[in-house]
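J.: Structure provided below as structure tokens; questions to follow.
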Amino acid sequence: MKKHILIAFLFTSILGFSQNPNRIFKSAEFQDGELVKVEVSDGVYQIRILSSEIIETSFVPDGEDLNGKSHAVINDFKHNNCETTSLTDNGSNYRLNTCGLEVEINKQPFQISYRYKGKPIISEKMGYVKNDSLETIQFNLTKDEILYGGGARALGMNRRGHRLKLYNRAHYGYETHSELMNYTMPIMMSSNQYMIHFDNAPIGFLDLDSKKDNTLTYETISGRKTYQVIVGDSWTDLIDNYTDLTGKQPLLPRWALGNFSSRFGYHSQKEVAATVQKFRDEQIPLDAVIIDIFWFGKDIQGHMGNLEFLKDSFPNPTQMIKDLKSDHVNTILVTEPFVLTTSKRWQEVVDKDVMAKDSVGNPYTFDFYFGNTGLIDIYNPKGKAWFWNIYKGLAEMGVTGVWGDLGEPEVHPSKLLHATGTADEVHNIYGHDWAGLIADGYKTDFPNQRPFILMRAGYSGSQRFGMIPWSGDVNRTWGGLQSQPEIALQMGMQGLGYMHSDLGGFAGDNQDAELYTRWLQYGVFQPIYRPHAQEEVPAEPVFWDSKTKALAKKSIELRYKLLPYNYNLSFENHKKGTPLMRPLFFEDDSEALKTNASEYFWGDDFLIAPILKSQITEKEIYFPKNSNWFDFYTNEKFVGGKRVTVKVAEDQIPTFVRGGAFIPMSKPMQSTKDYDGNTIELHFYYDATVKESKGQLYNDDGLTADAFEKGHFELMAFSSKVSAKEIEIEIKAELGSDFQTQTKSIELVLHNISLKPKSVKISRKKLDFTFNKDQKIITIPLEWNTSKELKLNIKLN
């Protein structure tokens, strides 16, 4: 009995009982095994079981109807995997039970609280309250929770103590601190491994205990009073559940993992061709060129909205795109949602009723940096159709990528009206719905093609449209570089696994070769490899001095060598939402790591420590516990759970591989078009303490939309078993229904082998191998038909 009282006391002290004292419980009703309606004195709570790990709660005040439209949650989401759910009246409270999450509805004083597998998660504090200007939902926090979320910010990993504005806005030239950036999201994640997503689009605030009274508050000008509580048994499970709710990222075209040539900007067809040729002459791999605003106007100002090639500068764009394609270079064009009143298309968009309106129904015009403008109303079917027809025409010309810029929208006056409501009601979802417009258009008109959609603003769930976000106009300084791992890690946790930066930095004219080199080295292990900058200082490595160019080339060549590993990370992200860049606390629960962005995992098996300051010759590295780690370049071994100071080389950043890992790599190439999935290097990092390990490699044609779902794929599985005398390696493949058996040439490379093996055999047949005693490496050439399993036995002594 005393034990039960103690548990109840702890639960009460953790979650608090200070719910709105004026809210009186009236009744609770269970409907269809998944919805509880709770009537209170000022409205109705609707608590819906979406799965054993996701509960959705909506409050409908008296006099209002439930707004069931979510911009974040995928249509008809329902993953309730519990065979039995129940609502039990315990006298003083009701308990909604699933096979995971539980909801307790206390009658007097009224309060809603959440547990997962018996463990307290969070509770409403004041719950829903309407103030003079804002509607709020308030929760209790424990005093020691570290809080993440709110979208893209540069605040440090722990965002507790901040009241974060939810209003997408560009921050030009930011460095180590930025409280408001291009991509905000109404998401809070806790170090206690749960998430709350406030499922409402209009602008507002996310207050992460700014008053230091252990309170989380969501504040908005209007809209839904709906939130989801999401839990998981691990961090990757939590993100998997969230991206089940809001949608998984489609696989990118494989070329998107290659190198981009980009700047603000290329002024002519001649300049584009000459730049691409420079990459080929220098033998620096390249897969895409991004053409900024000068494709439709000679000047920065006055031409936005033309959205057609300026023939003076680009006399034959179709031939240019065709020539680039024949050289295995994809063309990506910038577009913006603004049409200037001075553009060639202004009268067209007025006549076709494309633009957002003022209060009397005329196009709303306003001044901003690029000129006097209106904004395309993508919420008007006419505006949506007009905008897609622009993209359709470009795609038919051969353009393979869309760059949507200024999509916050950068200037979005509150008095402007869209077909569905005010600017402030849709401001934070404009970029999201713009990406959705493009994704839907591709599905209709180019259903077999994977779109490439690069945008700097969106909303919860934008990943399901294939959106690739970047971190905006970061300053070209060390401070700008220092904020990038945090931004990418935070956004990956919130479902946007491809958040990345303009490599080298964007803003300003600081020409620092060391900074440029370190940023590009970091870029090898960020999701998209895209140097981009204002043109005062070159973004492209081919225009730097010979030393800097050689260092950049080495980084880019490594990026291509890792293509098989990276493409498999994309597949994992597609299937489970797992970010490509992952914080160390995903698997090491050491307290200090919960706020650490100075190191991170690249996939499961790489530990990366980017160099973020000038003149660094050595760096202290923490090696996560429960694994040993090997220097990627020297094979030196480091024991997990320790801090070690290592020397830092000029031509690489500290990079380590987990003991027992399989790392698939490719042969050198000049573009991903040269990639041959039937010729790979497979590196195995032998560690006697890892008795068994597994790895995988996903492969398809790199272009077909929904290739995995269509059965057009192969999935290779690698496993190891280790004893004192023997290493056993097994390789097998799962083939999709529409994929043919292949014969593969595999160069199997075993690291950390101190002595020459007695033998290497397959089915008792001895194989030739080479042994490098100094590097402690065995190399075994293999021929393998994917219809069969391959099992090697390496006798160590």
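J.: If one computes the Cα centroid of segment 648-721 and of segment 172-226, what distance in Å separates the two points?
T.: First find each Cα centre; the distance between them is then 37 Å.
J.: State, as an integer percentage, the relative contact order of the chain based on alpha-carbon contacts under 8 Å between residues 6 or more apart.
T.: Details: 1920 pairs, mean separation 75.9, N = 797.
Relative contact order here is 10 percent.
J.: Can you tell me, using C-alpha contacts under 8 Å and at least 6 residues apart, the relative contact order of segment 676-795 as a whole percent?
T.: 28 percent
J.: Roughly what percent of Cα-Cα pairs across the chain reach past 54 Å?
T.: Values: 40529 of 317206 pairs.
Result for the distance tail: 13 percent.
J.: If you place +1 on the Cβ of every Lys and Arg and -1 on the Cβ of every Asp and Glu, how big does the dipole about the Cα centre of segment 324-463 come out, in debye to the nearest 20?
T.: With Lys and Arg at +1 and Asp and Glu at -1, about 320 debye.
J.: Let me ask you something else. Using alpha carbons only, how many angstrom separate the centre of segment 575-640 from the centre of segment 747-772?
T.: When both Cα centres are located, 30 Å separates them.
J.: Under unit Cβ charges (Lys, Arg +1; Asp, Glu -1), what dipole magnitude, rounded to 20 debye, does segment 730-797 have relative to its Cα centre?
T.: Result for segment 730-797 is approximately 560 debye, rounded to the nearest 20.
J.: Mind putting a number on the dipole of segment 2-246 about its Cα centre? Charges go on the C-beta only, +1 for Lys and Arg and -1 for Asp and Glu, and I need it in Debye to the nearest 20. Please report the intermediate quantities before stating the final value.
T.: Details: 26 positive and 31 negative charges, 150 e Å.
Dipole about the Cα centre, nearest 20: 720 debye.
J.: Sort out for me the Cα centre separation of segment 483-547 from segment 437-459, rounded to whole Å.
T.: Distance between centres, Cα-based: 24 Å.
J.: To continue, here is another question. Can you order the peptides 532-539, 689-696, 369-376 by their average number of other Cβ atoms within 10 Å per residue, highest first?
T.: Taking the mean over residues of other Cβ atoms within 10 Å, the ranking is 369-376, 532-539, 689-696.
J.: Also: Tell me the mean residue ellipticity at 222 nm calculated for the chain from its helices only (DSSP H runs of n ≥ 4, each -39500 (n - 2.57), averaged over every residue, nearest 500).
T.: -5500 deg cm²/dmol
J.: Set Lys and Arg Cβ to +1 and Asp and Glu Cβ to -1, take the dipole of segment 298-433 about its Cα centre, and tell me which of Phe314, Leu417, Trp346 lies farthest positive.
T.: Positive-end residue among those listed: Phe314.
J.: Nearest-5 percent of antiparallel DSSP beta bridges in segment 401-535?
T.: So the antiparallel bridges amount to about 20 percent of the total.
J.: Please list, in chain and number order, the residues 5+ apart from Thr341 or on another chain whose amide H is under 5 Å from its amide H, with Hs placed from the backbone.
T.: For Thr341, whose amide H was placed from the backbone, the distant partners under 5 Å are Asn372, Thr373, Gly374.
FYI, it's all coordinate maths here, none of it is from the lab. Note that the coordinates shown come from a computational prediction; the quantities given were computed from them, not determined experimentally. Using ideal geometry, Cβ is built from the backbone for each residue, glycine included, and neighbour counts are taken over all protein chains shown.
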